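Visitor: One structure coming up, written as structure tokens, with questions to follow.
The values are calculated or read from the model by the stated rules, or taken from the named source; none is laboratory data. The model shown is predicted, which means the values in this text are computed figures rather than measured ones. Methodologically, a virtual Cβ is constructed for each residue, glycine included, from the backbone with ideal geometry; neighbour enumeration extends over all protein chains shown.
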Amino acid sequence: MTKYVLFNGYFIESTEPCLRATDRGFMLGDGLFETLRAYNRQLPFWNLHIERLISGMSQLGFPLASIPFKKMKNLISELLARNLLSNAYLRLTISRGDAVSDFLPKWDHGESNWVAFTKPLPSQLELNQKKGIKAGCYANFPSGETFVTPETVKGIFVGDVVINIDQSYVIPENNPLIIEIKKNKYRVIAGPKNMVQKMKKEKAEAMQKIRNYEINKSLPSSITKMYRQNFNSIGEFAVNLNPKAKLCNYLIVNEKIARMIHLALGMGFEPDRKTVYHWDIVVNSPKQKLDIYGIGKKKKIHWVIKKGKFVV
């Protein structure tokens, strides 16, 4: 057991009682929680976890003002340090607060209670070493892609396999998605009507989410400013590597098919490239006979794919 927990922003010993018997989370299950993983005292995807927490609280009508979201990450980092943890399980639990007069919830009224609890976990590297596995620590299944968040992109690309928006959509071969990019900002030139309309609808809802964060001041202005800056950006460029992945109706498989590539609209993987959506679009590189290469410091060309075929 770790020595300290956070209760409403205060560090207390984990053996000390903190919640009242009248707390609605304890009495009625009127609460919600978020589970995170700390790696080397870093908190990956922190903003996404907090977004989901705020979204849940808003939908349930929990009081937001009493939760110090702007300071919470620093408090969590200090909690890890006090408990001498680098790799840890972290749970944030929030209740509506104390039941004042009756059992009916008071919508957006009063003060929420929150608790942060940690416990030690071995690093993924340690787990892999114990199992004799030689692998990285960032992946999904099936495996098979190498990706970057590009600094800038320009030109036109043709998505002709699949796109994920709210779900996976197979792109017709005779009506591909055509995306124009200038200074890393994209616009849709043409594509299937249902997909283009769905993209417009989802983007409008995503922008409204950012506006709500700004109006409610539920996230720091630096975060919402970053969300706006990256809203129309290219967030990922990837080369697919899995020779056993086969063409199907789902993005998670198609984005791994060897020699194909995919680009993502919206959020990237770097800390300064976050926004509120990430849409992958798979491109049939062999069919389009694409050339993909890098240019080294001495202007030497390093080929990856030539005319749709691997050269590495």
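Visitor: Kindly establish whether Ile189 is surrounded by 14 or more Cβ atoms within 10 Å (Cβ to Cβ), touching a strand residue (DSSP E or B) at 6+ places or on another chain (Cβ under 8 Å) and assigned to a strand (DSSP E or B). I'd like the intermediate steps shown before the answer.
Guide: Values: surrounded by 14 or more Cβ atoms within 10 Å (Cβ to Cβ): no; touching a strand residue (DSSP E or B) at 6+ places or on another chain (Cβ under 8 Å): yes; assigned to a strand (DSSP E or B): yes.
Judged against the criteria, Ile189 is not a match.
Visitor: Sort out which residues of the stretch 29-47 are more than 14 Å from Ala88 (Cβ to Cβ), hydrophobic (A, V, I, L, M, F, W, C) and touching a residue at least 40 places away in the same chain (Cβ under 8 Å), and write them in order of number.
Guide: Leu32, Phe33
Visitor: When Asn194 is evaluated against the numbered criteria (1) under 23 Å from the mean Cα position of the chain (by Cα); (2) over 30 Å from Val304 (Cβ atoms); (3) assigned to a helix (DSSP H, G or I), which criterion, by number, is the only one it fails?
Guide: Here Asn194 clears every test but (1).
Visitor: Name every residue in the stretch 288-311 that is more than 18 Å from His262 (Cβ to Cβ) and of a type in the set (A, V, I, L, M), in order of residue number.
Guide: Applying the first criterion (more than 18 Å from His262 (Cβ to Cβ)) to the stretch 288-311 yields 295-303, 306-307, 311.
Hits for the stretch 288-311 are Ile295, Ile301, Val311.
Visitor: Something else: Tell me yes or no: at least one residue of the stretch 134-145 is modelled with pLDDT under 70, assigned to a loop (DSSP other than H, G, I, E, B) and of a type in the set (A, V, I, L, M). Break it down stepwise before answering.
Guide: Step one: of the stretch 134-145, the residues modelled with pLDDT under 70 are 134-141.
So of that shortlist, the ones also assigned to a loop (DSSP other than H, G, I, E, B) come out as 134-141.
With of a type in the set (A, V, I, L, M) added as a condition, the list becomes 135, 139.
Among the residues of the stretch 134-145, at least one is modelled with pLDDT under 70, assigned to a loop (DSSP other than H, G, I, E, B) and of a type in the set (A, V, I, L, M), which makes the answer yes.
Visitor: Consider Ile50 carefully, then state whether it is modelled with pLDDT of 85 or more, among the β-branched types (Val, Ile, Thr) and farther than 16 Å from Leu79 by Cβ. Give the derivation first.
Guide: Values: modelled with pLDDT of 85 or more: yes; among the β-branched types (Val, Ile, Thr): yes; farther than 16 Å from Leu79 by Cβ: no.
Spelling it out, it is not the case that Ile50 is modelled with pLDDT of 85 or more, among the β-branched types (Val, Ile, Thr) and farther than 16 Å from Leu79 by Cβ.
Visitor: For Val5, all conditions in the list (1) part of a helix (DSSP H, G or I); (2) over 23 Å from Asn212 (Cβ atoms); (3) modelled with pLDDT of 90 or more; (4) of a type in the set (A, V, I, L, M) hold save one; what is the number of the exception?
Guide: That leaves (1) as the condition not met.
Visitor: Then there is this: Could you name every one of the strands (runs of 3 or more DSSP E) located completely within the stretch 226-312 that has at least 1 residues being loosely packed, with under 15 Cβ neighbours inside 10 Å and either out of contact with any helix residue (DSSP H, G or I) (no Cβ under 7 Å at 6 or more places or on another chain) or acidic (Asp, Glu) (or both)? Explain how you work it out, then say what you get.
Guide: Numbers: elements: 234-240, 261-266, 278-283, 292-295, 301-306.
The qualifying strands (runs of 3 or more DSSP E) are 292-295, 301-306.
Visitor: Can you confirm whether Asn87 is at pLDDT 70 or above, surrounded by fewer than 17 Cβ atoms within 10 Å (Cβ to Cβ) and among the polar types (S, T, N, Q)? It would help to see each step written out before you state the result.
Guide: On the way: at pLDDT 70 or above: yes; surrounded by fewer than 17 Cβ atoms within 10 Å (Cβ to Cβ): no; among the polar types (S, T, N, Q): yes.
Spelling it out, it is not the case that Asn87 is at pLDDT 70 or above, surrounded by fewer than 17 Cβ atoms within 10 Å (Cβ to Cβ) and among the polar types (S, T, N, Q).
Visitor: Can I ask one more? Restricting attention to the stretch 151-186, which residues are at positive phi and assigned to a strand (DSSP E or B)?
Guide: Of the stretch 151-186, the ones at positive phi are 155, 183-184.
Of everything in the stretch 151-186, just one residue is at positive phi and assigned to a strand (DSSP E or B), namely Gly155.
Visitor: For the stretch 11-65, which residues satisfy the criterion of being farther than 30 Å from Thr275 by Cα, part of a strand (DSSP E or B) and among the aromatic types (Phe, Trp, Tyr)?
Guide: Phe11, the sole residue that qualifies.
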